[in-house]
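Bear in mind that the values in this text are calculations on the coordinates, not laboratory data. What you see is a predicted model; the values in this text were computed from it and never measured. Cβ placement follows ideal geometry from the backbone for every residue including glycine, while neighbour counts extend to all protein chains displayed.
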Amino acid sequence: EPEVTQTPSHQVTQMGQEVILRCVPISNHLYFYWYRQILGQKVEFLVSFYNNEISEKSEIFDDQFSVERPDGSNFTLKIRSTKLEDSAMYFCASSPDFSTDTQYFGPGTRLTVL
Amino acid sequence: GESVGLHLPTLSVQEGDNSIINCAYSNSASDYFIWYKQESGKGPQFIIDIRSNMDKRQGQRVTVLLNKTVKHLSLQIAATQPGDSAVYFCAETHGSGNTGKLIFGQGTTLQVKP
């Protein structure tokens, strides 16, 4: 069964450093998303992406964040200058289209900012 | 404002019993609702969904009920098994201008006692 994959599973970085989290969505999906989950809290929407453009972003997704689909398979989330409060699980998701709405999530990348 | 909430943070049931997990939402414009299961260290896993033109939907051992009058959603798990132990999140999204943004509730931890 096709699934969303994410790398790395765990990323440790120093405050102020840039990180890139990588995702490979399900191959025939056209809509991509990033969510984050701070330990013990609910999953929070960051951004949705379609046709090489951001469709919607949350207030969390400030200028320090960016997304990119550099090729036909990868979808990345970049945090330019990490802060302590960026420590969280970051989940990538994909769906065939918005109207279908069923989003399939990857296993997540645990980001630890020291 | 937008919010999706769960009534109980933890639910403990005996193996073989039925489980009912509840969720309240506040946005009357929400028209699509999903239940996700999250096991420790993993991403949310789709369980079942329901659209606002329905009030009940059944899957394998799971049933979702939607009461739009009181903005309430529930997940029923029949014959609960140890493998059902996880955190369960309800999520909702809007159809109009939909960009796929899912709004998650806080989560209910289901503990299944053998």
> Tell me, B:113, A:42, B:42, B:37 in order of fewest to most beta-carbon neighbours within 10 Å?
Replying inline: B:113, B:42, A:42, B:37
> Assigning unit charges at the beta carbon (Lys, Arg +1; Asp, Glu -1) and nothing else, what dipole magnitude in debye, to the nearest 20, does the protein assembly as shown show about its Cα centre?
Replying inline: 360
> So who's got an amide H within less than 5 Å of the one on residue B:109, skipping anything under 5 residues away but keeping other chains? H placed 1.01 Å off N, in plane.
Replying inline: B:10, B:11, B:88
> Taking +1 at the Cβ of each Lys and Arg and -1 at the Cβ of each Asp and Glu, which of A:77, A:94, A:27 sits farthest along the dipole of chain A towards its positive end, judged by Cα position relative to the Cα centre?
Replying inline: A:77
>> Explain nothing, just the number: relative contact order of chain B, from Cα pairs under 8 Å at least 6 residues apart, as a whole percent.
In response: 37
> Under the definition of Cα pairs under 8 Å and six or more residues apart, what whole-number percent is the relative contact order of region A:1-108?
Replying inline: 36
>> Quick one: 3J(HN,Hα) in Hz for region B:17-25, Karplus 6.51/-1.76/1.60 with θ = phi - 60°, rounded, Gly and Pro as x.
In response: 6, 8, 10, 10, 10, 10, 8, 10, 10
> Given chain A, what percent of its DSSP beta bridges are antiparallel, to the nearest 5?
Replying inline: 90
> What is the average number of partner chain Cβ atoms found within 10 Å of a Cβ in A:31-37?
Replying inline: 3
> Under a 5 Å amide H to amide H cut-off, with H placed in plane at 1.01 Å, what residues pair with residue A:5 once short-range neighbours are removed?
Replying inline: A:24
>> Please list, in order along region A:46-59, the HN-Hα scalar couplings obtained from phi with the Karplus expression 6.51 cos²θ - 1.76 cosθ + 1.60 (θ = phi - 60°), rounded to whole Hz, x for Gly and Pro.
In response: 10, 7, 10, 9, 8, 6, 6, 9, 6, 8, 7, 9, 8, 5
> What list do you get for B:32, A:31 if you sort them by fewest beta carbons within 10 Å?
Replying inline: B:32, A:31
> Counting DSSP beta bridges in the protein assembly as shown, what percent are antiparallel, to the nearest 5?
Replying inline: 90
